[in-house]
Amino acid sequence: MALEIIESCVSCHACLALCPSQAIIETRPHFLIDAGKCSGCLGDFADAQCAAICPIEGAILDEFGVAMNPPGSLTGIPPARRAAAQAEIAAR
Amino acid sequence: MIAPQAPRTAGCSAGSCGSSAGQMGGLSDKIRAKVQDHPCYSEDAHHYFARMHVAVAPACNIQCHYCNRKYDCANESRPGVVSELLTPDQAVKKTLAVAATIPQMSVLGIAGPGDPLANPARTFETFRQLALKAPDIKLCVSTNGLALPECVEELARHNIDHVTITINCIDPDVGAKIYPWIFWNNQRIHGRKAAAILIAQQQKGLEMLVAKGILVKVNSVLIPGVNDEHLKEVSKLVKAKGAFLHNVMPLIAEAAHGTFYGLMGQRSPRPDELKALQDACAGDMNMMRHCRQCRADAVGMLGEDRGDEFTLDKIEAMDIDYEAAMVVRAAFRAQAMAELEAKRRHKEKASQILRFQPRVAKPAGRPVLMAVAAKNGAVAAHFGHAKEFLVYEAAADGVKFVGHRKVEQYCAGNETCGDAESVLERSIHALAGCEVVLCSRIGIDPWRDLEAAGIQPNGEHAMEPVEDAVMVVWREMLAAGKLDFKPSAAKCA
């Protein structure tokens, strides 16, 4: 049932106070989720709270390892557009 | 000419950023007393007093299209960017260290890098400790407003008497183009519905603060094609509700910043567009034109950042005697306030003299924008060394500060930021709309390129007070018959 925070996390603290299970671990280089504590907010909230406030696409995975906020879903930036801009900047 | 003897250090290079406009003009005495030593709220105070931001608030409860939450760059200077996050204890220590080192430091603000009120425990713990340990420092906070109504009581309890709310719109359809989502009642909410909630909370928070007697400044980001016309309505409404100052700032959007607007090609406003909008709003309310859009961990006078002197390891090594520092600070403050008061009285007197003059036919000569490479209120910087130019509008009735143009690149220039334009081309581009540039010295190449761009370089007023020099040049242009027609060469970029 446990969710996972991966390395794209920017340690913004937003999830920390929201977690009803105190499963978020404030650590470096980025925050982590204590899999033993995480309930995916089942029984507490309709949506997993960490994933509902996280501003970084792809930083939180569900129990199947799938990004809960896939690319483009939060910023509205089409992934192809972002990739093209990054390639263009790298070529300068 | 005698340079003004001010106890200032650095920062904005203007002598006075608003002589004939009188930004403080429309304020009551009570508000004036509250903001007279606040560099962000009072134009003339920013030459004497400094501010600092402590980055204790990383979390945010909304997403704005001009913000990228991943950003953390030492070379960037813009809101939302910081180098190191502080705990409340570290922030208090840093504040005391800065206040003891820089007696000009009058204001401590919490502005991010997220939203201060989305981090209530960290933000209010910082304020609580500072109110006790540094009673001579004013505390202020800026917010997107979403959590503001539930925080007003606590803000009042911590003696916060200045709050800035960023209000970019009052229409949810406009808001939907600026805010992709908010986090509200344990859910992420998207689109128009999200914008409607945010707008309602901002307006409610504004009303509650005003009712408590807490001063409210409204910040708006000017986004061409999205909220430019709309901001005139915003200005009217927030003034009607009691905000005392409106700060319209230009959107900063570059692809390298990784923001929605940057990547989607949304352009930033040109300086003339920003000025036109500020002028349009000025009829309704006090406008702020000296904002430098600083980082969420900036330290020092507006326009400078001394954050490097106060990193965590450096303040750890400092031994602070704050009792002794408060004595020094009080002495500095008394001296600065006396000078400010004298300046203000001089200005008032001058404006009274103007008022009693008989009205004559509309004075001859059109207004002219001039850029000045200034230092400490004088035409004292070499063209090529200036990091910013102050822009003044000269006309028959006087000289008015209208803004500043940065010429340094936003990023120090590694391969991921910056572009092919040369520094000189960038500078000339930044001066679009100005017909004259005054500086202490200038090289032959830039002189030629400026002339070719329709901007007249002028190095004849080195070390003279800025406003006197601008007025003299305007009168010379008038006498030479240059001011009865619209300029053709100095077109806006």
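The values are calculated or read from the model by the stated rules, or taken from the named source; none is laboratory data. Since we're looking at a predicted model, the values are computed, not measured. Here the Cβ positions follow ideal geometry from the backbone for every residue, glycine too, while neighbour counts run over all protein chains shown. We work out accessible area using only protein heavy atoms, side chains counted, and drop any ligands, DNA or RNA first. Shrake-Rupley method; radii C 1.70, N 1.55, O 1.52, S 1.80 Å.
Counting only heavy atoms of the protein chains and using a 1.4 Å probe, B:Arg289 has close to 30 Å² of accessible surface. Using a probe of 1.4 angstrom and keeping all protein chains present, the accessible surface of the protein assembly as shown works out to 44 square angstrom per residue. Computed from backbone phi, the HN-Hα couplings of the stretch B:234-251 come to 4, 4, 4, 5, 5, 5, 4, 7, x, 5, 9, 8, 10, 10, 8, 10, x, 4 Hz, rounded to whole numbers (Karplus: 6.51 cos²θ - 1.76 cosθ + 1.60, θ = phi - 60°; Gly and Pro given as x). With a 10 Å cut-off around each Cβ of B:183-191, the average count of Cβ atoms from other chains is 4.
Treating r as the C-beta distance of B:Ala480 and B:Glu153 and R0 as 56 Å, the FRET efficiency rounds to 0.35. Of B:Arg405, B:Arg192, the residue with the largest accessible area leads and the full order is B:Arg192, B:Arg405 (1.4 Å probe). Measuring with a 1.4 angstrom probe and ignoring ligands and nucleic acids, A:Leu3 comes out at about 10 Å² accessible. Against the longest principal axis of chain A, how steep is helix A:79-90, in degrees 0 to 90 to the nearest 10, with axes from Cα atoms? So the inclination is approximately 60 degrees.
For peptide A:73-86, the mean count of partner chain Cβ atoms within 10 Å of a residue's Cβ comes to 5.
Mind ordering B:104-113, B:425-434, B:319-328, B:465-474 by average Cβ neighbours within 10 Å, highest first? Walk me through the intermediate numbers first.
On the way: B:104-113: 24.9, B:425-434: 20.2, B:319-328: 12.1, B:465-474: 22.4.
So the peptides B:104-113, B:425-434, B:319-328, B:465-474, ranked by packing, come out B:104-113, B:465-474, B:425-434, B:319-328.
Rounded to the nearest 0.05, what FRET efficiency do A:Ala80 and B:Lys30 have when you use their Cβ-Cβ distance and R0 = 41 Å? Once rounded, the FRET efficiency stands at 0.15.
So what is the relative contact order of chain A, in percent, for Cα pairs below 8 Å that sit 6 or more residues apart?
In percent, rounded to a whole number, it is 28.
In the structure shown, the pairs B:Lys94/B:Lys212; B:Lys94/B:Lys239; B:Lys133/B:Lys406; B:Lys133/B:Lys239 are assessed against 32 Å; a Cα-Cα span above that value is assigned to B:Lys94/B:Lys239; B:Lys133/B:Lys406; B:Lys133/B:Lys239. Under 5 Å between amide hydrogens, built in the peptide plane, is the criterion, and for B:Ala378 it picks out B:Val466 among residues at least 5 positions away or on other chains. Simple spin-label estimate for A:Ser11 and B:Arg267 gives 4.0 nm between the two label positions (7 Å along the Cα-to-Cβ direction from each Cα).
With a ≥ b ≥ c taken as the square roots of the eigenvalues of the C-alpha gyration tensor of the stretch B:36-316, please select rounded if a/c is under 1.5 and otherwise prolate if a/b is larger than b/c or oblate if it is not? Rounded is the answer for the stretch B:36-316, as its axis ratio a/c remains below 1.5. Taking amide H positions as modeled 1.01 Å from N, with prolines and chain starts lacking one, the residues under 5 Å from B:Met249 and 5 or more places away or on another chain are B:Ser220, B:Val221, B:Leu222. Relative protection proxy for A:50-56, B:221-227, A:65-71, from highest mean packing down: A:50-56, B:221-227, A:65-71 (other beta-carbon atoms within 10 angstrom).
How large, in percent, is the carbon and sulfur part of the accessible surface of chain A at a probe radius of 1.4 Å? Carbon with sulfur: 58 percent of the solvent-accessible area.
Considering all C-alpha pairs of the stretch B:156-293, those separated by over 23 Å amount to 37%.
Between B:Ala330 and B:Ala342, residue separation times 0.36 nm minus the direct Cα-Cα distance comes to 2.5 nm.
Solvent-accessible area lost on pairing B with A (1.4 Å probe, both sides summed) amounts to about 2200 Å².
Within 10 Å of each Cβ in peptide B:106-116, how many partner chain Cβ atoms are there on average? Round it to a whole number, please. Before the final figure, lay out each step's value.
Numbers: counts 0, 0, 0, 0, 0, 0, 0, 2, 4, 1, 0.
Average per residue, whole number: 1.
Note on B:Met318 and B:Thr87: with the Förster distance fixed at 30 Å, the Cβ-Cβ geometry gives a FRET efficiency of about 0.95. Within the straight-line cut-off of under 24 Å between alpha carbons, the lysines reachable from B:Lys343 are B:Lys30, B:Lys34, B:Lys138, B:Lys375, B:Lys400, sequence neighbours fewer than 8 places apart in one chain being disregarded. Annotation for B:Ala280 and B:Lys133: the two label points, set 7 Å from Cα along the Cα-Cβ direction, are 4.7 nm apart. Across the stretch B:194-233, Cα-Cα pairs more than 14 Å apart make up 61 percent of the total. What's the local net charge at A:Gly65, with K and R +1, D and E -1, over the other residues with C-beta under 15 Å away? For residues surrounding A:Gly65, the net value is -4.
Per residue of the protein assembly as shown, what 222 nm ellipticity follows from adding -39500 (n - 2.57) for every DSSP H run with n ≥ 4, rounded to the nearest 500?
-10000 deg cm²/dmol
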